[in-house]
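Asker: I'd like to ask some things about the structure below.
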Amino acid sequence: MKGFLRRLRGIIGTGLTWAVGWAGLYGAFLLAAWAFGAEAQWELGPVLRLVFNVGTYGFLGGSAFGVILSVLERHKSLEDLTFKRIALWGSLGGLAVVTMLSVLFGTLVFTYLTPVILYTLLGVGSATGTVAIAKRASDPKVLEGDDDPLPALEGE
């Protein structure tokens, strides 16, 4: 049971990480579109709802990626994971979002190529970024603190 709860915590953590990343990226995109004069009505309520929806999609994609990773790569350590396989699992996580949207809204989202490409690329980028950050965090040099982050302040 302890292993299951640990995996569940990892899946939820990955989903939340992707949710924050996707919502932030979409918010930055909307802000840039507004700054360059996009012709739209910019009311705070609908914009925040859009950003929240994209964050929800990120949570779904990250959770799907976490499930795929925990099932298919459960016997591998973090160092054994290759970025090609992580990109593949991330693309499946992104495609899972498109599939879930198709089911939730009752439309065939796959008929439109743009969401398929967009969520697949978001999944690949999020997956490889997540694993790169995790590998960096597990690096012994970073954990031990071999390098002093503020060498200039020591002399003062």
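Asker: Just to be sure I understand, how many residues within segment 37-53 are open to solvent by 50 Å² or more (accessible area, probe 1.4 Å) and closer than 23 Å to GLY125 by Cβ?
Answerer: 3
Asker: Within segment 1-24, how many residues turn out to be open to solvent by 90 Å² or more (accessible area, probe 1.4 Å) and touching a residue at least 24 places away in the same chain (Cβ under 8 Å)?
Answerer: 3
Asker: Next question, about the same structure. Listed residues VAL98, VAL124; which is in contact with a Pro (Cβ under 8 Å, 6 or more places away or on another chain) and either at pLDDT 80 or above or open to solvent by 20 Å² or more (accessible area, probe 1.4 Å) (or both)?
Answerer: Step by step, each of VAL98, VAL124 is checked, and only VAL98 is in contact with a Pro (Cβ under 8 Å, 6 or more places away or on another chain) and either at pLDDT 80 or above or open to solvent by 20 Å² or more (accessible area, probe 1.4 Å) (or both).
Asker: Quick one: count up the residues across segment 54-79 that are open to solvent by 60 Å² or more (accessible area, probe 1.4 Å) and within 25 Å of VAL116 (Cα to Cα).
Answerer: The total comes to 4.
Asker: Turning to a different aspect of this structure: In segment 22-58, which residues are touching a helix residue (DSSP H, G or I) at 6+ places or on another chain (Cβ under 6 Å) and small (Gly, Ala, Ser)?
Answerer: ALA23, GLY27, GLY55, GLY58
Asker: Still on this model: Identify, from the list THR82, THR111, the residue that is open to solvent by 40 Å² or more (accessible area, probe 1.4 Å), at pLDDT 80 or above and hydroxyl-bearing (Ser, Thr, Tyr).
Answerer: Just one listed residue meets the conditions, THR82.
The values are calculated or read from the model by the stated rules, or taken from the named source; none is laboratory data. The model shown is predicted, which means the values in this text are computed figures rather than measured ones. In this analysis, Cβ positions are derived from the backbone assuming ideal geometry, glycine residues included, and neighbour counts consider all displayed protein chains. Side chains are part of the model used for accessible areas, which takes the heavy atoms of the whole protein and leaves out ligands, DNA and RNA. Shrake-Rupley method; radii C 1.70, N 1.55, O 1.52, S 1.80 Å.
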